[in-house]
Amino acid sequence: VSCTTAVPVFLFPRGVMGVLGLPMDQVAFIACCVVNVVDLMGTSFTGPVLVPYGQQLGATTSEIASFQTVRFAVAVISIIWMPRLADRKGVKFTMILSTIGSGVAYLIQAFAKDFAECDSVTLRVIDGFVNETRITNDTSAMVPSLPGVHQCELHPSGSSLNCEELCGVKTGVYVMLAGRAVAGFFGGTQPVLRSFVTAVSLPDFKLLKFRLTVLFACVQAGNFALAPISGAVAVWGLHLPWLISACSAGFAVIFALFFFRNADEIKAAQAAKLKDALPAGTEAPPAKVVTPAPVS
């Protein structure tokens, strides 16, 4: 018995249905949706602040663009190895590994800023000017006219301008790229999720259509619902969306560990329940386990 099965059974001896009051396949589908949201957090939730965060790290425009390129290029590898692992070790093990990897990737990206810190510079404001540049509340418009600095903030008194030096340190950019690559490597869950939902929903095609629709709806809803939340949170720190994404991954790991079941377990439980409901002496039909063909 694997650890991912033994621990939940020890803590919840009555099983998932006894704890949540829901059929095992429904709880497993909810777990799929939770894992789906973890992937969305790394794209739709962090996407709106990717450019300003990259600027904070000292990245150029082309380097910021490469953040997305690296993420989705490595994801191609993920959708190759992840289904193979699910065939060998089970979907539950694969989902837990994926969410752990995604959480680590989000933490790497969140703390990339700690590798890109340069010395701060205080520029004195004289009669509303700094180095012949007129000072306004819109500090972003002033930065191009102030050589050697970026990320400026005007002191509330208006007497000085606090800026960060352009020291040329690219370590934060490289750490960010590494985090994006790790996120892509563990982000190919969609083929596994859809095949699992198909396996536990058939032969009820109506139920299958509903569940796949919900999975797709989560993706579309996340694209417009998570962005404004990310913008609001980033007011307190551009790295915060990645920290929140890491927390969501941690929650998904715990949820999947305790409440996710593989398709064969779900079908066996359904067959046992059907057998108990039949009159004594009547044989239940064999459970139909719909397993997608292994990836060659």
Per residue of the range 259-268, in order, report the coupling 6.51 cos²θ - 1.76 cosθ + 1.60 (Karplus, θ = phi - 60°) as ³J(HN,Hα) in whole Hz, putting x for Gly and Pro. 10, 8, 10, 6, 4, 5, 5, 5, 5, 5
Quick one: Karplus J couplings for the range 63-72, per residue in order, coefficients 6.51, -1.76, 1.60, θ = phi - 60°, nearest Hz, x for Gly and Pro? 5, 5, 4, 5, 4, 6, 4, 5, 4, 7
3J(HN,Hα) from dihedral phi, the range 197-203, Karplus parametrisation 6.51/-1.76/1.60, rounded to Hz, x for glycine, proline: 4, 4, 5, 8, 9, 5, x
Going by average Cβ neighbours within 10 Å, how do the peptides 220-231, 38-49 rank, with the highest at the top? 38-49, 220-231
Sequence-distant or interchain residues sharing an amide H contact under 5 Å with S160, placed H: which? V125, H155
Too long at a 21 Å Cα-Cα cut-off: which of K92/K267; K89/K206; K89/K209; K92/K206; K209/K267? K89/K206; K89/K209; K92/K206
Rounded to a whole number, the Stokes-Einstein D of the range 21-106 in µm²/s (Kirkwood radius over Cα pairs; 20 °C; 1.002 mPa s) is 144
Taking a crude spin-label model, label points 7 Å out from Cα along the C-beta direction, the V76 to S62 distance in nm is 2.0
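Read the figures in this text as sums done on the coordinates, not as results from a lab. Given the structure is predicted, the values throughout are model-derived calculations rather than measurements. Glycine gets a Cβ as well: all are built from the backbone with ideal geometry, and neighbour counts include every protein chain shown.
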